[in-house]
Amino acid sequence: GMMNPACRAALEAALRIREAQGGEITAITMGPPMAEEVLREAIALGADRGVLLSDRAMAGADTSVTSFTLARAIEKICPRFDLVLCGCATSDSETAQVGPQLAEELQVPGVGYVEEITVSGRAVRMERLADHFLETLEMDLPGLITVTTGVHAPRHVPLGGLQAAFDAADIVLFDAASLGLDPAQLGVKGSATTILGVNSPAAGKKNIVLTGTPKRIVEQLFESFDDKIGGAIGKDLKRDKKSS
Amino acid sequence: MSAKRRAIWVFGDYRNYFQNRVTLQLLSRARDLAKKIDGEVCAVVFGHWTEEWVDDALSQNPTFCGVVGEYIAHGADKVYLTDHPRLAAYSMETYALLMERLAKREKPEMILIGATTFGREFAPRVAKRLGTGLTADCIGLDMNDAGLLVQTAPFFGGNLVAQIVTPERRPQMATVRPGTFQEIPHDSCRTGKVVKVPLPKDLPADRVRLIRVEHRPPRGRKIEDAHVVLCGGRGLGSKKKFAKLYELAELLNGEVGATRPVVYAHWADHDALVGQAGKHIKPQILFSFGISGAIQHTAACNGAKFVIAVNKNPNAAMMKKADVAIVADASQFCTALIQELKRSIR
Ligand SMILES: Cc1cc2nc3c(=O)[nH]c(=O)nc-3n(C[C@H](O)[C@H](O)[C@H](O)COP(=O)(O)OP(=O)(O)OC[C@H]3O[C@@H](n4cnc5c(N)ncnc54)[C@H](O)[C@@H]3O)c2cc1C
Ligand SMILES: Nc1ncnc2c1ncn2[C@@H]1O[C@H](COP(=O)(O)O)[C@@H](O)[C@H]1O
């Protein structure tokens, strides 16, 4: 599917909470029109509905503006939400900034990098590993959690599920106007950061190229660099080789 | 009244002090930047018993001790310190509030924050509260002629880097991965000023409650410190072929690293991830097998002294970065190398 692993992990956490507690899952994304596919995927996996925020004015948003836009939409669409789940994962998020900033925008408590979630009544208990500290944390709902990947393997879309999700019409579309937002606050225009330029990082250095059969290459490598390799591993390769 | 000096702030992330050198690395970079704007370098420390975090037995300077003294010895001109029992454990909301208040009062030019787990969550919250921009995971920080902080960060997928600035809003903020910059050596003769900031009286209760915390020090040998690292990428082809690296590591007394696709495919543990999202390495020799050389990976390998890359494609970015570029099938070369090593080391 198109959904990135971080968001799949967040959806998986939502599905597990719903299985245990009941509730309703709304998948929300801000992106170009084709981001609708991600919402279809979310519905196929079990989300109850999808919300797409799409507008040319929203393009090029930095994380702060992204969280602003998402927050205003959430307040409009589900003002009485219990829990917002985001992906985070050091291993795959672009910045891992949207989740914490969304918690600030929504003015709810939030915890990042969560691995275990247990909801009981109006409180949620979480476990996370942060900088070599295993923490157990608790907060009252409503709140926001960003979850790491790789704790629960996300489920797969059931056979025929995607088609069914395409047929279902549970996707609501919002643009800046229907959210009541000023385009000047959104996208590139609203962003505090500016990209000066993009380039490929410093090009290569002069190097030695070895080709041939693997065996021959290994021999060449040892002929030229046995001192270097031997030095790093703390063993004298040359002498050993001669004695063989 | 004299004009206030422009200030570059570094968040004093002292938890895990001995493993976590990122604050010292940022202080060092901040010194370089401060020279260019004739500014001062300030560390900001929130905590409790901050005097006792660092064993000061070796320090020659009796005036400054603990975390504060360490930061001054490593380049801070000034340390803002809020020390209070309420701050004994790291707390996201409270720390964000303290930073917000202090920054609104003192108006620093820049705030640099280490990309620890805490820092990565803390920085975006502070940026949001201050209404300013933030660049994540910078691999370079410089000043341009206009006096703006140019933040170099990986861009779109990883074969590109972008230069990002925050033209108008202040402070300019960035997070930086541990290992990106070099700390300056401890100099106990340096002096600095300590500004004690009292805990606000109206501090609200933290909405996130810490129930339990347990220190889990990293186990075993660390790839970050290994002299020999063998990194494998998607080009190795399969989990089974990747596993040869462990045999090779045994022979070479090295550690095994992996790229992100490899970790995703479960050929290797997340612990082995080398790159922007994982570990930074600085081995004497880095062997790189079947790795394309995306910036998110290579930015964490810049400390490698000697790089031997194996790739079918001689034009792969990793091959250009290598001292020795070996055009071969990664897995076959690996097998040949194992055989040769077994013979020559015995
Ligand atoms: C926000 C973000 C963070 C990221 N963080 C990280 C990170 O921390 N670490 C990381 O590694 N990546 C990270 N990435 C991913 C990164 O951009 C690259 O996608 C990744 O490093 C590529 O891994 P690779 O070189 O193994 O695979 P590929 O790019 O697929 O390269 C495979 C290479 O193997 C070669 N090859 C193929 N077959 C053979 C063969 N038989 N023998 C020899 N060579 C062969 C190919 O020529 C190619 O060069 C991140 C990406 C993003 C967007
Ligand atoms: N445009 C967006 N629409 C919806 N959610 C987003 C968007 N961007 C980021 N997020 C959420 O924030 C998480 C972290 O994203 P990032 O801060 O970009 O690393 C993602 O896993 C999503 O849950």
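Quick check on segment B:268-288: of everything there that is more than 7 Å from ligand 1 (Cβ to nearest atom), within 9 Å of chain A (Cβ to nearest Cβ) and under 18 Å from the mean Cα position of the chain (by Cα), which residue is nearest to B:G179 (Cα to Cα)?
It comes out as B:P283.
Among the residues of segment B:236-250, what is the count of those that are within 29 Å of A:D236 (Cβ to Cβ) and surrounded by fewer than 18 Cβ atoms within 10 Å (Cβ to Cβ)?
Qualifying residue count, segment B:236-250: 4.
Could you check how many residues of segment B:314-346 are open to solvent by 10 Å² or more (accessible area, probe 1.4 Å) and either within 16 Å of ligand 2 (Cβ to nearest atom) or free of Cβ contacts under 8 Å to residues at least 12 places away in the same chain (or both)?
The total comes to 7.
Being in contact (Cβ under 8 Å) with a residue 60 or more places away in the chain, closer than 19 Å to B:V327 by Cβ and away from ligand 2 (no atom under 16 Å from the Cβ) is the requirement here; does B:G290 meet it?
So B:G290 fails the test.
Report whether or not B:D202 is open to solvent by 20 Å² or more (accessible area, probe 1.4 Å) and touching a residue at least 40 places away in the same chain (Cβ under 8 Å).
Criteria not met by B:D202.
Return the only residue of A:I77, A:I145 being more than 8 Å from chain B (Cβ to nearest Cβ), open to solvent by less than 20 Å² (accessible area, probe 1.4 Å) and more than 10 Å from ligand 2 (Cβ to nearest atom).
After ruling out the rest, the residue left standing is A:I145.
Has segment A:194-205 got at least one residue that is closer than 19 Å to B:F306 by Cα, over 41 Å from the mean Cα position of the chain (by Cα) and either at pLDDT below 85 or open to solvent by 50 Å² or more (accessible area, probe 1.4 Å) (or both)?
No, that holds for no residue.
In this structure, is B:L130 at the interface with another protein chain (Cβ under 9 Å from one of its Cβ atoms) and surrounded by fewer than 24 Cβ atoms within 10 Å (Cβ to Cβ)?
When the stated conditions are applied, B:L130 does not pass them.
Regarding segment B:222-240, can at least one residue be identified that is closer than 27 Å to A:A153 by Cβ, within 12 Å of another protein chain (Cβ to nearest Cβ), more than 16 Å from ligand 2 (Cβ to nearest atom) and not acidic (D, E)?
no
Mind listing just one residue for me: the one in segment B:289-307 that is at the interface with chain A (Cβ under 9 Å from one of its Cβ atoms) and within 13 Å of ligand 1 (Cβ to nearest atom) and, of those, surrounded by the most Cβ atoms within 10 Å (Cβ to Cβ)?
Ranking the candidates gives B:T298 first.
The values are calculated or read from the model by the stated rules, or taken from the named source; none is laboratory data. Note that the structure is a prediction, hence the values are computed from the model and not measured. As a convention, Cβ positions derive from the backbone with ideal geometry for all residues, glycine included, and neighbour counts pool all protein chains shown. Calculation scope for accessible area: heavy atoms of the full protein, side chains included, ligands and nucleic acids excluded. Shrake-Rupley method; radii C 1.70, N 1.55, O 1.52, S 1.80 Å.
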